[in-house]
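The values are calculated or read from the model by the stated rules, or taken from the named source; none is laboratory data. All of these numbers come straight from a predicted model, not from anything done at the bench. Don't worry about glycine lacking a Cβ; one is built from the backbone with ideal geometry, like all the others, and counts go over all protein chains shown. Protein only, heavy atoms only, side chains kept; ligands, DNA and RNA dropped before computing areas. Shrake-Rupley method; radii C 1.70, N 1.55, O 1.52, S 1.80 Å.
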Amino acid sequence: MDDDGEDRISGLPDELLHAILARLGSPGSAVRTGVLSRRWRHLWAPQPELVLGFVLDTPRPPLPAFLEAVDAALAACAAPTLGRLCILPPGGGGGVPAGRLEPWLRFASERVVGSILLLVRPPPETCGEEEAVLDLPACEGVTTFDLSFEGDWRLRPASAGIFRALTVLRILSCRIEASELAALVSTHCPCLTDLMLTSIVLVSDSDLPIRSDSLRSLWFAVRKTRRLEIVALRLEKLCVSAPIHEARISAPNLAELEWSHPVYNPNCHHFDDVGCRLRKLELGLNASLMQQFDEVDELKLAMFIPEGIAAYQNFLDETNNLPKCKILTVSSGWDYHGLVPGMLHLLRSCSSMRKVFLLDYSDYAMRQPCVPACPCLLEESNRIDDISLGSLEEVEITSYTSYHGALEFVEQLSRCNVPILEKVVLKQKTDSAPPPTKELCEKIRSMWHPNNIEVEYCVFSDRGECVCID
């Protein structure tokens, strides 16, 4: 307001005032703008989006007051449609009863034609005792649905109706009947392309069929799945991170696969109509799934080999014939067996790599000595005369504890046949060990002389800051 008493803010166009209100971040803040002038009292109501959540760096509102504010905001909303609805109750002070939440979802099913983000948890009196049941209505106009629970909710999708426009669905932490989940994905979401099911638990051990002509990406972490069947002609990305007794997957366009659960049994887990070539393959503790594919552009292995001769021999057998790949990433903790013989075995098994990334999590201070008869101690495990890496251009080694294992590997690698290697990068976590001295850096560089290979040293912190050492 200027010296003449004129309210210049209220004279701004509606579109600009709407943009201001949309950035307030909470229903209470938007409503309180009504004290500025009569024009502001209901100006916020026809907003194209509603973001109902407390603002950071402001006092956390009591949950009952927040719930009342959400109810009032939804009741006063005059917009016929919303492009976005986001409800984020403050943490602490209890949870949201299903009876309070279901009217919000009915509002969303009638008004939202864009995205919904809902992060809630049931009241503490229902956690671990009486199951909180939430009915999910069909939302025909919603395109993206993020539904995140922080408790033992029982989700019950509507048996009728279609999520006609839904392309992205993410559900976190709830219980659901297998038949209801299968119907939701396979029948009620005809345009679904991206599906993420995280920390889901089926009500009982059940078979779960997923059939979709539109699905392109699936993240699957659903416990109590007895048998998983996927028929998805357009599926390109699949991540399985929950135990599954049996699986049959038909996905002829599959390009990226992550199997992070340690159990894979070719007699129980079948890949039908899946090609022999992938863009990316990421495996957990069980690497035998590699034998399903002949060629992978990027291969990522998590190798944490248990103690004992049998465990190391199993590692050798599973990785004896790696698929042809351009990039190999190995994340490992060599707490019982030597890093050098293990990595040399992998290089011996696949000589087509252009880049090798090693993430070393080994706890060298707590390492247990291996039994004398273990294959990792045999002289032939450290041989390099049968290793030829004619395509290798770059090697990057990141040490999260001590860099001594990495230095041993670099020394052996420098003796291998690497005719076109251009760069070696060594990264060290700052709080795990002192950075390498200048003398040590020069010693490592001298290993590659006179091949003119660039050697780079970096240190990094938990905050992600990375600094190169000259």
Extent along principal axes [Cα atoms of the range 140-258; Å; largest to smallest]:
34, 34, 22
What residues qualify as long-range amide H neighbours of Val425, i.e. H under 5 Å apart, gap of 5 or more or another chain, H built at 1.01 Å from N?
Val395, Glu396, Ile397, Glu456
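How long are the three semi-axes of the equivalent ellipsoid for the range 337-467, computed from the Cα gyration tensor as the root of 5 times each eigenvalue, in whole Å, largest first?
In descending order the semi-axes read 23, 21, 13 Å.
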For the range 267-280, in residue order, the Karplus 3J(HN,Hα) values (coefficients 6.51, -1.76, 1.60; θ = phi - 60°; whole Hz; Gly and Pro = x) are 7, 10, 10, 10, 10, 9, 6, 10, x, 8, 10, 10, 7, 8
With all protein chains in place and a 1.4 Å probe, Val455 shows an accessible area in Å² (nearest 10) of 10 Å²
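Evaluate the relative contact order of the range 321-439 (contact order divided by residue number), counting alpha-carbon pairs under 8 angstrom at least 6 apart; express in whole percent.
Relative contact order of the range 321-439: 28 percent.
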Reachable lysines from Lys355, Cα under 21 Å, same-chain residues fewer than 8 places away excluded?
Lys280, Lys300, Lys324, Lys326, Lys423, Lys427
Bin width 10 Å, origin at 0, all Cα-Cα pairs of the range 246-328: what percent of pairs per bin?
18, 52, 27, 4
Could you state the orientation-averaged shadow area of the convex hull built on the Cα atoms of the range 325-392, in nm² to one decimal?
4.7 nm²
Plugging the Cβ-Cβ distance of Arg60 and Cys458 into 1/(1 + (r/R0)^6) at R0 = 51 Å yields, to the nearest 0.05, a FRET efficiency of 0.80
Quick P(r) readout (the range 212-274; Cα-Cα; 10 Å bins; whole %) gives 23, 60, 17
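Counting alpha carbon pairs within less than 8 Å and at least 6 residues apart, what relative contact order, in whole percent, applies to the range 296-358? Numbers along the way, then the final one.
Numbers: 90 pairs, mean separation 27.2, N = 63.
Reported as a whole number, the value is 43 percent.
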